[in-house]
1. Could you list, in sequence order, the residues of the range 71-102 that are open to solvent by less than 20 Å² (accessible area, probe 1.4 Å) and farther than 13 Å from residue 47 by Cβ?
2. Please report, ordered by residue number, the helices (runs of 4 or more DSSP H) entirely within the range 25-127 with at least 2 residues that are touching a residue at least 60 places away in the same chain (Cβ under 8 Å).
3. Let me confirm something: among 59, 119, which residue is among the β-branched types (Val, Ile, Thr) and open to solvent by less than 20 Å² (accessible area, probe 1.4 Å)?
4. Looking for whichever is over 23 Å from residue 29 (Cβ atoms) and of a type outside the set (S, T, N, Q) here; the options are 97, 124. Which one fits?
5. Condition first: farther than 19 Å from residue 105 by Cβ and hydroxyl-bearing (Ser, Thr, Tyr). Now tell me which residues in the range 25-59 satisfy that.
Amino acid sequence: MSATTSSMLTILSIDDSTVMQQLIKQTLSAEYRVLLCNSAIQALALINQEPIAVVLLDVSMPEMDGLDFCRTVRSIPKFQDLPIVMVTGRDGNLDKLQGRLAGATEYLTKPFDTEQLKVILRKLTAA
């Protein structure tokens, strides 16, 4: 890993869509180190091994959905303040409320504007 890459903040994107993962990586890799997980179960192991700055989380996934993942992460004391951005196709008011109640910091609806995602991440990672 280069010195530049190792000094970048790490974003963990959890989504079962390969297309969405590639879009997120392409959008963010110039500013952040981007790790990709296609399942919440895999991500639970990864967040304990890597210094994650922000989690980007899809709601609709097999095995464990994003809401359950979010609640699980929030129940772990060291991750209570970890920024979690729901990035999902679910755009109803009830969906957004469920995301907030599960512990999401922000809620972004697909398809999203890549600049809007960057603004949210800059706000959440500002020192």
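1. Once the filter is applied, which keeps residues that are open to solvent by less than 20 Å² (accessible area, probe 1.4 Å) and farther than 13 Å from residue 47 by Cβ, the range 71-102 yields 85, 86, 87, 88, 99, 102.
2. Answer list for the range 25-127: 114-125.
3. Working: 119 fails: open to solvent by less than 20 Å² (accessible area, probe 1.4 Å).
The match here is 59.
4. On the way: 124 fails: over 23 Å from residue 29 (Cβ atoms).
Of 97, 124, the one residue that is over 23 Å from residue 29 (Cβ atoms) and of a type outside the set (S, T, N, Q) is 97.
5. 29, 39
The values are calculated or read from the model by the stated rules, or taken from the named source; none is laboratory data. The model shown is predicted, which means the values in this text are computed figures rather than measured ones. Note: ideal-geometry Cβ built from the backbone for every residue, glycine included; neighbour counts use all protein chains shown. Heads up: the accessible areas ignore ligands, DNA and RNA and are worked out on the full protein's heavy atoms, side chains in. Shrake-Rupley method; radii C 1.70, N 1.55, O 1.52, S 1.80 Å.
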